[in-house]
Amino acid sequence: MLNKLQDALMAGKKADVETLVDQALAAGIPTRRILNEGLIAGMEKLGVMFKNNEVFIPEVLVAARAMNAGLTKLEPYLIKDKIEPKGVVVIGTVKGDLHDIGKNLVAMMLKGAGYKIVDLGADVAADRFVDAARQNKADVVALSALLTTTMIQMKAIVQAVQAAGLGVSVIVGGAPLTQDYADQIGAKGYAPDAASAVDIVHRLVVK
């Protein structure tokens, strides 16, 4: 049944995902298994396919919506069973930049990988990232920029997070960025695509 759930999720079949989650719960399959072996496993497979250019952004977005529907069904049971997220990621597009498609994709894939996501949206100033990281006890702050003119905001945010002494890792991504730039500004990671962002967060959070 959990393999069917993976397949339905990867195909973006939202109604089927909801039905299969209900059936798995009714069959007494533990919530943790439904989450890990069904929803998360499906998103992980899709992430590998995305990295290999076997699927593209539209398919991932549809699958992520199906995954969200499945998570919504599971949520009350996850809370009841006290199943904690793998970690907390604060994410946003930096000040002056209103682009959010890439950021949304990363947020959805991280959610699908089992993380709690605090999405600040677009045009986000340094102090908001710091406040959200502090309030939510974040493990990672993820910054996105699509404009070369807004990349410079990232350095200020990295410095603000470091100055706040929160011990939070900052990662960056977006079309104009490079690993070199990430290194220059003191970011702990650079993700060229959404699937890579999930890998980096795993590396930083999962001990």
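Observations on the structure shown:
- Counting only lysines at least 8 places from Lys82 when in the same chain, those with an alpha carbon closer than 27 Å to its own are Lys4, Lys14, Lys45, Lys73, Lys111, Lys116, Lys137, Lys207.
- Segment Thr148-Lys80, extension gain: residue separation times 0.36 nm, minus the distance between their alpha carbons: 19.9 nm
- Put the Cα centre of the stretch 120-183 next to the Cα centre of the stretch 80-100 and the gap is 12 Å.
- Taking all pairs of distinct alpha-carbon atoms in the stretch 25-87, Kirkwood radius in angstrom: 12.7
- 5 Å binning of all Cα-Cα separations within the chain, expressed as whole percents from 0 upward: 1, 8, 16, 19, 19, 14, 11, 7, 4, 1, 0
- Mean separation of Cα contacts under 8 Å (6+ apart) over length of the chain, as relative contact order %: 18
- Gaussian network model of the chain, Cα within-10 Å springs - most flexible of Ala187, Ala15, Ala41: Ala15
- Net charge over other residues, Cβ less than 12 angstrom from the Cβ of Thr72 (K, R count +1; D, E count -1): +1
- For the stretch 88-205, convex hull volume per residue from C-alpha positions, Å³: 79
Read the figures in this text as sums done on the coordinates, not as results from a lab. Values in this document were obtained by computation on a predicted structure and should not be read as measured data. Using ideal geometry, Cβ is built from the backbone for each residue, glycine included, and neighbour counts are taken over all protein chains shown.
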